[in-house]
Structure formats: C-alpha cells, structure tokens
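The values are calculated or read from the model by the stated rules, or taken from the named source; none is laboratory data. Only a predicted model underlies this, so the values are computations on that prediction, with no experimental measurement involved. Note: ideal-geometry Cβ built from the backbone for every residue, glycine included; neighbour counts use all protein chains shown. These accessible areas exclude ligands, DNA and RNA; they are computed on the full protein's heavy atoms, side chains included. Shrake-Rupley method; radii C 1.70, N 1.55, O 1.52, S 1.80 Å.
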Amino acid sequence: MKADRIYETWKESKKDIVVSKGFCDRVMRKVCGYEQSKPAPLLDIGEFLDKMYSHRLTRAGLIVAAALAGLARMAFALWTFLAV
Amino acid sequence: MADDIEIINRVLNGDVEAFRPIVERYQKPVISMIGNLLGDRHACEDVAQDVFFSAYRKLSSFDPARSSFSTWLFTIARNKSINAMKKKKPEPAARLPESESTEAAAERTELKELFAKLDDALERIGGKYRRALVMAEFEEMPYEQIAQIEGVRVGTVKSRINRAKQKLRKALSKLEGDMK
C-alpha cells in the first residue's frame, strides 16, 4: 500500500467520529444543575426598580430627587468655576 | 454565524435551554478535535463536556468583535485538551471482532497496525506541531482560524504543519520500508 494512500486512509479514519447518544442532554443537565446551585442575589435590582416605578408617588419622588441632584451638581460646578 | 450571536444573547438574558442548539451544532466537531488531539476516543467526551460547560459559564466574556463563536469555542477545546494531555494515561489496544473471516481480519490487522504506528508518530510530534496538523488536516480548519486559536501568525501555522508533515513522512517511509 503506497504511503500516500495509507496517509489519506488514516486521515479519513480520523473523521469517523460517533457522538454518544445523550451527550447533549448530559451537558444541559450539568448547565441546569449549575444554574440551580447558584445562590440567589441579595438584592434583585431589576425587581426593586420595577416596584419603585409601579407607584406614582415613588415615581414622582425619584424624578424630583434626580432633578434636585442635577441642580446641585450644576451649582457645584458653577461654584468651582467661579472660585477659580 | 449570526445565528450563534442571537442564541448567545438569549442565553445571557436567562434562557438556559437556548444553549442546547449550540451544543448540538458543535458537539461533533469539538469531540472530533479533542479525540484527535488526545489520541483517546474514550476520554474525549468527558473533556468535551467540560468545554461546553466552561463555554456556558464564560459566555458573557465572548466578544464577537474579536473572533467568531466557533473560534472561541475551539480555543477553549484546545486549552482543555492541552491540560488533559498532561494527565493522559495510555489507551489499551483495541481488539478485533472474532467473527470476521481470516483474510478480512488479517487485512484489518495490517491496517490497524499501520494506523497505530502513524498514531504513535503523531503522538511523538511536539504539541504545537501536532495541534496545527490535527486542526488543518483532520478538522479542515482554515489557517486563519488555526492562527487565532493558537495565538500565532498564519505563517507560523503553515510552518508548523509542514514540520509535522515532514515528521510523518519520515515515519511513513519507514513503514513502507518495513512492509517490503
């Protein structure tokens, strides 16, 4: 058997892979097990914000607080600029 | 594949089951690559499982601007294979089925012995040359992809493949000499 033919046949034999049945299921079981074992976050930011936005008063309060914080920042920047 | 990116985004948004099509799509090429790098078809599925699990945990670190998902996944497979190689135990020789005719069995034995010698020669080739040859010749990956996985230039990949082929050619010519 010539060397080239041996090499090509050997190369072809390397592509002969059979994935065992259930491989994908085993991977997914491991992934799901990992997700279930992860500790729950102490504070779910998303859930917290949803609750805040669901009440009109808390929504209004947040907007006012944000506006005051913005004004305070502008005043501080202006004061720093004038002090220089 | 743009499809991969879409699936990855779904997984990152909490849809764990969305990872399944990724595993189904890449299980065969990943297992094939690991099996050919390790030279051990039995251990490769354990390593491949580890590859997909690592990929899942590190999915948020995948950057599509740097490489394709397949390149990223094969890089994880390459690294896991290197680690597995360090712990590798010798694989027991496969047995031929007893029900074959004497002539067919003899031919298969001869072929098996030739392949075993080539496998030995491949194993004796240094890690980086063997990896380049396996990825190019057995997994038929483009040179650019191999270069990204190995973290070297395309020219380096080509020279490693040539070097590996030279060593195999030497082993093959010795085999031819033995057969005469």
* Of all the residues that make up region B:52-82, how many are open to solvent by 50 Å² or more (accessible area, probe 1.4 Å) and within 20 Å of A:Asp25 (Cβ to Cβ)? -> 1
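For (1) more than 13 Å from B:Asn36 (Cα to Cα); (2) among the polar types (S, T, N, Q); (3) touching a Cys at 6+ places or on another chain (Cβ under 6 Å), each residue gets a yes or a no:
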{"residue": "B:Gly127", "(1), (2), (3)": "no, no, no"}
{"residue": "B:Met141", "(1), (2), (3)": "yes, no, no"}
{"residue": "B:Gln148", "(1), (2), (3)": "yes, yes, no"}
{"residue": "B:Lys158", "(1), (2), (3)": "yes, no, no"}
* Asked: A:Tyr53: open to solvent by less than 100 Å² (accessible area, probe 1.4 Å) and at pLDDT below 90, yes or no?
  -> no
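Filter region B:8-32 down to residues that are assigned to a loop (DSSP other than H, G, I, E, B) and of a type outside the set (Asp, Glu) and give me whichever is least open to solvent (accessible area, probe 1.4 Å).
Checked region B:8-32; the qualifying residue least open to solvent (accessible area, probe 1.4 Å) is B:Gly14.
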* Hits in region A:7-16 (condition: surrounded by 11 or more Cβ atoms within 10 Å (Cβ to Cβ) and modelled with pLDDT of 85 or more) -> A:Tyr7, A:Glu8, A:Thr9, A:Trp10, A:Lys11, A:Ser13, A:Lys14
* Structure fact -> Note on region B:33-46: residues assigned to a helix (DSSP H, G or I) and surrounded by fewer than 22 Cβ atoms within 10 Å (Cβ to Cβ) are B:Leu38, B:Glu45, B:Asp46
* **Filtered residue count, region B:131-153, keeping only those that are surrounded by 14 or more Cβ atoms within 10 Å (Cβ to Cβ) and free of Cβ contacts under 8 Å to residues at least 12 places away in the same chain** => 2
